[in-house]
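Below is one structure, written out as structure tokens, with a few remarks after it.
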Amino acid sequence: MAGLVDFQNEEEVKVFLDNLGIEYSYQCHKEKDPDGCHRLADYLEAIKKNFEAAAQILKTNCDTNRHSESCYRLGSYYITGKGGLKQDLKAAYECFLMSCSKGGKKSVEACHNVGLLAHDGRLFNEKPDPLLARDYYTKACEGNYAASCFNLSALYIQGAPGLPKDMNQALNYSLKACELGHKWGCANASRMYKLGDGVEKNDVKAEALKNKAKVLDQQQHESSTQLTFGN
């Protein structure tokens, strides 16, 4: 059938991919379409393996167009120094902050990353900012990002300057992390119920949560060891 690509035919695939690159380049440079620019960066990264060119497209699309997904990807480049960019945690932080505030497909992960950088402390001269971390973990947790819910529970278990320990909050966030499939959220909640730490002791709930943690751990182990063929 006309218009269909035979993906078993190497030459047809090459022509198809070249045409795709031309289309995305036109969308970005001629039509000035931010989504087209992000697609071009994807193409340069995934197909051409030209990370330096991808980095420049991402930088322009984030700095000029404030494109949320491009800002998120650019932040990831700055974290590792990818694409010829100098490793720069402050620049990464600003990128993630922009993506978080703009919303979009990666905004929840971006909010989590802002929280991580604030929590880590290297961004602020080795001084963690637990209150800022809490605020951005909260944004991500509200978006059902399990790791942020778990990190919030850990913050409330440990406490920090300006952030007193609160085992009730810790339990609530551990339970939400567990519901979202975070095995350590289940394990922490199980321990709290087992010890009666911040909540009335309940061996039945403790056992159920422990079993859920075991199931999640087994599922993760199985998914990481599965072999896939033909990909």
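A compact table of results
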read-out: Which numbered condition His38 misses (of (1) modelled with pLDDT of 95 or more; (2) of a type outside the set (S, T, N, Q); (3) farther than 17 Å from Phe96 by Cα); value: (3)
read-out: Residues of the range 135-150 satisfying the condition of being of a type in the set (Phe, Trp, Tyr) and open to solvent by less than 20 Å² (accessible area, probe 1.4 Å); value: Tyr137
read-out: Filter result for Cys111 (of a type outside the set (Gly, Ala, Ser), open to solvent by less than 40 Å² (accessible area, probe 1.4 Å) and under 26 Å from Phe150 (Cα atoms)); value: yes
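Residue by residue, here is whether (1) of a type in the set (A, V, I, L, M, F, W, C); (2) out of contact with any Lys or Arg (no Cβ under 7 Å at 6 or more places or on another chain); (3) surrounded by 24 or more Cβ atoms within 10 Å (Cβ to Cβ) holds:
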{"position": "Leu89", "(1), (2), (3)": "yes, no, no"}
{"position": "Lys106", "(1), (2), (3)": "no, yes, no"}
{"position": "Leu152", "(1), (2), (3)": "yes, no, yes"}
{"position": "Pro164", "(1), (2), (3)": "no, yes, no"}
{"position": "Met167", "(1), (2), (3)": "yes, yes, no"}
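The values are calculated or read from the model by the stated rules, or taken from the named source; none is laboratory data. Everything numeric in this text was worked out from a predicted model, so none of it was measured. Ideal geometry is used to build each Cβ from the backbone, glycine not excepted, and the neighbour counts take in all protein chains shown. Areas reflect the complete protein model, heavy atoms only, side chains present, ligands, DNA and RNA absent. Shrake-Rupley method; radii C 1.70, N 1.55, O 1.52, S 1.80 Å.
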